[in-house]
Amino acid sequence: MLKSIVIVGGGSAGWLTAGLIAAEHRAAPDGLRITLIESPDVPPIGVGEGTWPSMRDTLHRIGVSESDFFRECDASFKQGSRFNRWTDGGDHDAYFHPFSLPQGYGEVNLPEQWQAQHPQIPFADLVSFQPHLCVNGRAPKQVMTPEFASVANYGYHLDAGKFGVFLRKHCLEKLGVHYVPDHVTAVNAHENGDIASLQTVKHGAVAGDLFIDCTGMQSLLLGQHYGVPLIEQKHVLYNDSALAVQIAYPSDNYPIASQTSSTAQSAGWIWDIGLPTRRGVGHVYASGYISDDQAEAELRAYIVQTGGPEEIPQPRKLSFNPGYREQFWHRNCVAIGLSAGFIEPLEASALAIVEMSAAMVSEDLPATREAMDIVAKRFNDTFRYRWERVIDFLKLHYVLSRRRDSAYWRDNTAEVPERLGELLTLWRHRAPSRSDFNRIEEVFPAASYQYILYGMGFRSDFSRSPKPEEAARADAYFQEAATLTKKMMNGLPDNRTLINHIKLHGLQKI
Ligand SMILES: Cc1cc2nc3c(=O)[nH]c(=O)nc-3n(C[C@H](O)[C@H](O)[C@H](O)COP(=O)(O)OP(=O)(O)OC[C@H]3O[C@@H](n4cnc5c(N)ncnc54)[C@H](O)[C@@H]3O)c2cc1C
């Protein structure tokens, strides 16, 4: 029987995994023991500030209070992403990928009727109220909306360092996770090749039945010990470097943005995330196309252009090799987080993949060693599919660009991965639909593809099977989006007002 799980790594991946498994299995009568080993010598990566709406469900499952989360993690609301300068690079080039589905999504062919009736309005602005909330800095809920519930779908922006501390406290105080603050120096193996225990500096050997590798990019167990290779993706998604910096607001009451802004540059893009106390800004770029100095100059120019200070702290440089492991679960070891792989943070999918991985380990937790190989195979199939879909979706943002102003953009648009190319061929004559993404393992819904595709100026030719009879119904949904916009603009507070309220009074528990 599986009785002991050992997680190595105390970054966001380690603590989210510990929390999800402990919350689900702590009442088990056979007393499942969960231990987390975290090196005092290796700090967590300290970035990863944007999450998906799935994080609401994850935090709720772990059993934390959303109000405490806002208080302790410097968290704010994220309602989607705004992409600037991705399509033609001009001053007016911007579109939204909101978290809420379009009004009438799946009921009528919204893209067809949008093209026929209102092609001058940006697609997301017509079919969803959410871009309007974002532009006007509205929060996605009211003071009376309970914890984790929403008026408009939302995820979070958060301080990654504070998030780890917050989760650790909850896991240790409320969920009975055992904590070993120590550095793992060696892996001790059974004769059959399974991991028997991990050797630490002060606590000796820590034994277990299942080992979860959350050691970040070094992938201590899966990558280093087992030698499971990384399937590199730099030939598809070129970015391999980032410069990250935190900057102060001009005043304490400065508005907090509702979305992650992603502004394309000559060889990458800049993220801009608003937390209650500061902005987190970073330039993700391809070292093969731009030097670190040039990338820093573009970052500094962006900060000044967007109202930030001339003087900023020295940006922190991060490097990564984009890719994912050939297997994620090998023998009695499964990797979650950066140890399993990392592709650039364009749609903030890394923590979402962590949540999905931890949830699947927890839900399919094998009772015996014999069952483990079966679960491992299913896990590997599922996550290989998911990583491939993340790559398709991120690459979509690049291949649709009409920018040709640098080798980076020219090369990015020159080659389209096979599956994505096939989908684009289909979408020339119809919109992305649920039938394109019909597996339970899907990461992005067809609605997300519609937002990116039509946001970036792609047009489908619907003349082969037009549906003029849907015009009136589609129009009703467009009206519904407009009516909801007005209603929500009147009824929702701004982000700072709501966050201040949460910090002072808390939200009602569900
Ligand atoms: C530039 C950049 C921007 C990003 N932005 C986003 C974003 O907006 N949204 C998103 O979802 N994700 C984002 N990510 C990814 C996100 O940061 C990670 O997925 C997330 O932080 C999880 O990291 P981790 O826990 O796997 O690794 P880490 O945070 O690196 O943690 C590794 C842990 O392993 C421990 N460890 C290492 N070696 C040992 C040892 N020998 N013994 C014991 N312990 C050890 C360390 O002490 C540490 O606690 C971004 C990543 C980068 C690089």
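The values are calculated or read from the model by the stated rules, or taken from the named source; none is laboratory data. Predicted model only: the values in this text are computed from it and were never measured. Reconstructed Cβ throughout: ideal geometry from the backbone, glycine too, with neighbour counts over all protein chains shown. Accessible surface is based on the protein model in full, side chains and every heavy atom, while ligands, DNA and RNA are left aside. Shrake-Rupley method; radii C 1.70, N 1.55, O 1.52, S 1.80 Å.
Rg to Rh ratio, region 141-185, alpha-carbon atoms and Kirkwood radius? Can you show the working numbers first?
Numbers: Rg = 15.8 Å, Rh = 13.6 Å.
On the Cα set of region 141-185, Rg over Rh gives 1.16.
Quantify how much of the Cα-Cα distance distribution of region 275-427 extends past 19 Å, in percent. Let's see the in-between values first.
Working: 7681 of 11628 pairs.
The calculated P(r) of region 275-427 puts 66 percent of pairs beyond 19 Å.
P(r) for region 147-242: what percent of alpha-carbon pairs falls in each 10 Å bin, starting at zero?
Percent of Cα pairs in each bin: 11, 28, 31, 23, 7, 0.
Quick one: pull the percentage of alpha-carbon pairs in region 374-480 with a separation above 18 Å.
Pairs farther apart than 18 Å: 60 percent.
Compute the length gained on full extension between R378 and R459: take 0.36 nm times their separation in residues and subtract their Cα-Cα distance, giving the result in nm to one decimal. Present the calculation step by step, with values, prior to reporting the outcome.
Values: separation 81, 0.36 × 81 = 29.16 nm, distance 3.77 nm.
Extending this stretch completely gives an extra 25.4 nm.
Would you mind getting me the FRET efficiency between L424 and E363? Use the beta-carbon distance for r and R0 = 41 Å, nearest 0.05.
0.75
Just the C-alpha atoms of the chain: what Rg/Rh do they give, with Rh taken as the Kirkwood radius? Walk me through the numbers before you get to the answer.
Details: Rg = 23.1 Å, Rh = 23.9 Å.
Checking Rg against Rh, the ratio lands at 0.97.
Quickly rank 1-7, 132-138, 371-377 as a protection proxy: mean count of other C-beta atoms within 10 Å, highest first.
Descending packing order for the listed peptides: 132-138, 1-7, 371-377.
Report the accessible area of K162, computed with a 1.4 Å probe over the heavy atoms of all protein chains in place, in Å² rounded to the nearest 10.
Approximately 90 Å² for this residue.
Is there a pair in K317/K503; K169/K503; K78/K503; K202/K317 whose C-alpha atoms are over 21 Å apart, and which pairs would that be?
Over 21 Å apart, Cα to Cα: K317/K503; K202/K317.
Would you mind pulling out the separation of the Cα centroids of region 45-122 and region 360-409, in Å?
Centre-to-centre distance over Cα atoms comes out at 20 Å.
Ratio of alpha-carbon Rg to the 2.2 N^0.38 Å globular estimate for region 34-122, to two decimals, please.
Ratio of Cα Rg to 2.2 N^0.38 Å: 1.64.
Tell me, what % of the accessible area of the chain is carbon and sulfur with a 1.4 angstrom probe?
51 percent
Taking the alpha-carbon distance from K395 and a cut-off under 19 Å, which lysines remain once sequence neighbours fewer than 8 residues away in the same chain are dropped?
Cross-link targets: K234.
Going out from 0 in 5 Å bins, what whole percent of all Cα-Cα distances in region 160-311 drops into each bin?
All Cα pairs, binned at 5 Å, distribute as 2, 7, 12, 12, 12, 12, 12, 12, 10, 6, 2, 1, 0 percent.
With 15 Å as the cut-off, how large is the P(r) tail for region 207-255, expressed as percent of Cα-Cα pairs?
So the pairs more than 15 Å apart make up 70 percent of the total in region 207-255.
Largest first and to the nearest Å, give the Cα extent of region 241-319 along each principal axis.
Largest to smallest, the principal-axis extents are 40, 24, 21 Å.
Ignoring everything but the protein chains, give the 1.4 Å probe accessible area of E66 in square angstrom, nearest 10.
0 Å²
Counting heavy atoms of the protein chains only and a 1.4 Å probe, report the per residue accessible area for the chain as a whole number of Å².
40 Å²
Run the numbers for M489 and L318: contour at 0.36 nm per residue of separation, minus the present Cα-Cα distance, in nm.
57.6 nm
Please list, ordered by chain and number, the residues whose modelled amide H lies under 5 Å from the amide H of L101; skip anything fewer than 5 residues away on the same chain.
Long-range HN contacts for L101: none found.
How far is helix 418-427 tilted off the main Cα axis of the chain, in degrees rounded to 10, range 0 to 90?
Once rounded, the angle reads 30 degrees.
Would you kindly compute the Cα radius of gyration of region 367-435 and its largest Cα-Cα separation (Dmax), both in Å?
Both quantities, over Cα of region 367-435: 17.6, 57 Å.
Each label point is 7 Å from the Cα along the Cα-to-Cβ direction; what then is the distance between the points at D475 and K234, in nm?
Rounded to a tenth, the inter-label distance reads 5.5 nm.
Non-local amide H neighbours of R430 (under 5 Å, H modeled in plane, Pro and chain starts lacking H): which ones?
For R430, the qualifying residues are D461.
Compute the orientation-averaged projected area for region 84-201 from the convex hull of its Cα atoms and round it to one decimal in nm².
Average projection, Cα convex hull of region 84-201: 15.4 nm².
Using the per-residue mean of other Cβ atoms lying within 10 Å as a proxy for protection, in what order, highest first, do the peptides 462-468, 328-334 fall?
328-334, 462-468
Give me the distance between the Cα centres of region 443-473 and region 165-197, rounded to whole Å.
Rounded to whole Å, the Cα centres lie 48 Å apart.
Work out the FRET efficiency for A189 and D293 from their Cβ-Cβ distance, taking R0 = 51 Å, and round it to the nearest 0.05.
With R0 = 51 Å, the Cβ-Cβ based efficiency is 0.65.
Could you give the nm distance between label points at K169 and M144, where each point is 7 Å from its Cα heading toward the beta carbon?
Roughly 3.1 nm, to one decimal.
Which percent, to the nearest 5, of DSSP beta bridges fully inside the chain are antiparallel?
70 percent
Using Cα atoms only, what is the angle between the long axis of helix 369-399 and the major principal axis of the chain, expressed in degrees (0 to 90) to the nearest 10?
So the helix axis and the longest Cα principal axis differ by about 30 degrees.
What FRET efficiency comes out for the pair K467/E415, r = Cβ-Cβ distance, R0 = 35 Å, nearest 0.05?
0.55
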